[in-house]
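This report refers to the structure that appears directly beneath it.
The values are calculated or read from the model by the stated rules, or taken from the named source; none is laboratory data. Computed from a prediction, not measured in an experiment: that's the story for all the values here. Using ideal geometry, Cβ is built from the backbone for each residue, glycine included, and neighbour counts are taken over all protein chains shown.
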Amino acid sequence: MFGVLEHLGKEDDISRKRVREAKRLDNEVICYSAYNLPFRDEAFGCVVISEVLEHLGDPYIVLREAHRVLKTGGILIIATPNCSSHSSAFDKEAGHIIGFTVPIIRRA
């Protein structure tokens, strides 16, 4: 299954484009909000959140949802820019709302 997070606001067009691209590749595609995942508790052994958290108004809701659908002992993989390694101008240009460092991610 290939999941595409539905962004809120002006990014909607980007999500719709990615869904069309994925469907063209014959993938099973679902589009959903990361704030309210349509899956039962402990549904997955692995959850991947890649280059998403920094664009969200409240990424901690998404992390709680990921934890909810992750099986006990499962693996959570997070990829997000380390805000301590680049300029804040980069964040604004890329549409980043919140910055993360390794210690912040570990506490979340």
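Scanning segment 50-78 for residues that are under 20 Å from GLY99 (Cβ atoms) and part of a helix (DSSP H, G or I) gives LEU53, GLU54, HIS55, PRO59, TYR60, ILE61, VAL62, LEU63, ARG64, ALA66. The set of residues from segment 59-89 being charged (D, E, K, R) and loosely packed, with under 12 Cβ neighbours inside 10 Å is empty. For segment 15-49, a residue qualifies if it is assigned to a strand (DSSP E or B) and at pLDDT 85 or above, and the qualifying residues are PHE44, GLY45, CYS46, VAL47, VAL48, ILE49.
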